[in-house]
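Only the coordinates and a few stated rules stand behind these numbers; no lab work does. A quick note: this is a predicted structure, and the numbers were derived from the prediction, not measured. A quick note on method: Cβ atoms are made from the backbone with ideal geometry, for glycine too, and the neighbour counts reach across all protein chains shown.
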Amino acid sequence: MDDELRERVEREAEKHALLNAVKHDSDADVGAIMGPLMGENPDFRQHGGEIPGVIGPVVSEVNSLSNTEKRDRLEDLAPEELAEMEAEDEEDDSLLPDLPNADEYDEVRMRAAPNPNGPWHIGHARMPAVIGTYKEMYDGSFIVRFDDTDPETKRPDLDAYDAILDDIDFLGFEPDDVIRASDRVETYYDHARELIEMGGAYTCSCSGEDFSNLKNDGKPCPHRDKDAETTRDEFEDMVAGEYASGEMVLRVKTDIEHKNPALRDWVAFRMIDTPHPREEAADYRAWPMLDFQSGVDDHLTGVTHIIRGIDLQDSAKRQQFVYDYFDWEYPEVIHWGHVQVDAYGVKMSTSTLKQLIGDGELDGWDDPRAPTLKSLRRRGIRGQAIVDAMVALGTSTSNVDLSMSSIYSNNRDLVDDETDRYFLVRDGEEFAVEGGTDTAHPPLHPSFEDRGTRDIPVGDSVLLESGDVPAEGDRVWLKGFGAVRREDDTLVATGDDLDVVREGDVDVIHWAPADGVSVRMRTMDGDVTGVAEPDFADVPVDELVQFERVGFVRVDDRGDDETVVYFAHK
């Protein structure tokens with residue numbers, strides 16, 4: 001190999017070694033760069049036997065650089081390839097697709113539009129998780145708009161407004177604006193009046209059945225061609241509450257022969273006799289339908305992108321008629337499928353959960369058996385764990401399944417390092433202890449020795465879980481204490497060293513002093529009682545810990561007789 005070729009090989013080897021090291025944030029490897037090096041430089045192949053000896057010192061030199069020096073050097077040698085690699089890494093890191101036409105807007109503005117009829121179940125978390133993530137991606141705005149203009153069939157719960165905002169805060173997001181549609185009824189009236197003047201709406205007193213028959217036959221309502229003045233007067237009577245529920249509606253004039261009957265002259269306003277629960281809105285009787293209210297609000301609040309369920313495709317088509325009348329530009333729309341959550345025997349429905357709570361089958365919205373965000377929060381699940389799982393579902397139009405194991409895995413990654421370890425024995429069997437140390441000293445966390453140890457007095461007897469009890473004459477290793485052999489109702493210390501565990505002859509189990517801390521652990525499958533080691537009594541309420549070989553729990557309450565904890569996951 002001549003000097004010129006050697007210089008080329010060294011130069012190319014340095015580039016590929018830097019690419020390999022920077023991409024993987026580690027030292028470069030000769031074997032890993034041989035393929036790309038030869039692929040880009042076919043003329044090197046005839047010197048294949050010499051190449052490793054030439055590039056070995058180059059790779060060693062690259063590996064001697066700091067991470068910052070590697071990147072700086074790569075930027076000098078191959079800036080375009082570095083930029084391409086970093087762009088690919090950024091794309092890989094984002095599980096959400098780019099928003100359509102986002103660069104055409106000065107600011108990306110998105111909204112979550114909850115019905116405030118109760119706190120959120122787990123499925124509700126998907127919308128704020130994705131919108132909040134898009135806000136961060138585009139440095140945009142996140143609007144929460146309470147769609148509370150149906151005081152009868154979707155009657156708002158006065159406590160739900162703050163409860164939902166608490167849930168959003170738990171997920172880690174802060175809305176830029178919070179709007180209550182029931183505060184904006186006069187705005188909807190004003191737009192209805194404009195629409196009437198344009199000839200785009202008419203009042204209709206047909207019964208629901210009569211209009212449905214006409215609509216399905218593609219025939220116009222007999223009120224369709226009334227003049228704007230009559231429509232205006234009748235609409236003002238609606239606003240004044242002159243009609244009872246079902247007597248009069250205001251319809252948007254669309255295409256009575258449209259191929260989709262659901263789009264034909266749809267209702268924009270209807271009469272509701274039931275007063276709104278909010279005092280500020282209790283006097284209104286003429287209420288906008290969601291498609292009218294939402295369409296107007298999306299325009300007036302500058303929403304640029306809407307995410308909604310695939311089953312709501314007709315909403316955009318209905319609202320487009322209103323947008324055409326007003327000469328507004330419709331926001332970009334992303335439709336997605338429903339999310340199904342496993343692991344719960346309870347239906348994820350606010351109305352169902354309300355009934356179960358009312359019937360006493362659930363203790364409340366934060367019962368560990370309830371599929372709600374309040375329940376997950378009380379169990380010690382971090383909001384970020386839920387957000388990460390929801391974002392990972394993407395925005396597919398297909399229905400998607402969310403396994404709770406993905407939330408638990410995310411949460412485990414978030415909390416494992418910070419949670420101290422303790423022993424809890426559930427429904428234990430009691431044994432006397434003979435020999436060995438008086439006090440065991442297992443670590444607070446096996447990965448962080450600097451946190452220190454716990455002091456567990458052995459006392460006269462200890463508790464073992466029934467599944468851990470050794471057969472007569474067999475040995476087990478009590479964590480933090482040592483090896484013991486069962487002799488009738490006594491565990492006798494054997495003095496064996498840890499080699500018996502390493503050799504696989506002895507199982508390692510946890511234990512607790514018989515006079516330890518009484519614990520009631522609330523789980524999705526019901527309450528479990530047990531005894532924890534004495535030091536657990538010092539763990540403050542709301543702290544998350546790991547009961548070794550049991551799982552993560554959040555300390556919920558300290559009573560005189562027992563401590564209540566909520567089980568998070570294994």
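So here's what we get for this one:
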{"quantity": "From G380, G394, G360, residue being buried (at least 16 other Cβ atoms within 10 Å of the Cβ) and at positive phi", "calculated": "G380"}
{"quantity": "Matching option when the condition is farther than 30 Å from R232 by Cα and of a type in the set (D, E), among D190, D167, D147", "calculated": "D167"}
{"quantity": "Given (1) in contact with a helix residue (DSSP H, G or I) (Cβ under 7 Å, 6 or more places away or on another chain); (2) among the acidic types (D, E); (3) within 12 Å of L424 (Cβ to Cβ), index of the condition D455 fails", "calculated": "(3)"}
{"quantity": "Candidate set from region 128-170 (those that are touching a strand residue (DSSP E or B) at 6+ places or on another chain (Cβ under 8 Å) and farther than 21 Å from S182 by Cα); member that is surrounded by the most Cβ atoms within 10 Å (Cβ to Cβ)", "calculated": "P128"}
{"quantity": "Test: residue in region 312-321 that is in contact (Cβ under 8 Å) with a residue 40 or more places away in the chain, over 26 Å from the mean Cα position of the chain (by Cα) and buried (at least 18 other Cβ atoms within 10 Å of the Cβ)", "calculated": "yes"}
{"quantity": "Total residues in region 477-505, condition free of Cβ contacts under 8 Å to residues at least 40 places away in the same chain and within 24 Å of F536 (Cα to Cα)", "calculated": "3"}
{"quantity": "Output for region 103-147, where each listed residue is among the hydroxyl-bearing types (S, T, Y) and more than 18 Å from the chain's Cα centre (by Cα)", "calculated": "Y105, Y138, S141"}
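For (1) β-branched (V, I, T); (2) surrounded by 13 or more Cβ atoms within 10 Å (Cβ to Cβ); (3) in a helix (DSSP H, G or I), each residue gets a yes or a no:
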residue: H191; (1), (2), (3): no, yes, yes
residue: G199; (1), (2), (3): no, yes, no
residue: C206; (1), (2), (3): no, yes, no
residue: E209; (1), (2), (3): no, no, yes
residue: D225; (1), (2), (3): no, no, no
residue: E229; (1), (2), (3): no, no, yes
residue: F235; (1), (2), (3): no, yes, yes
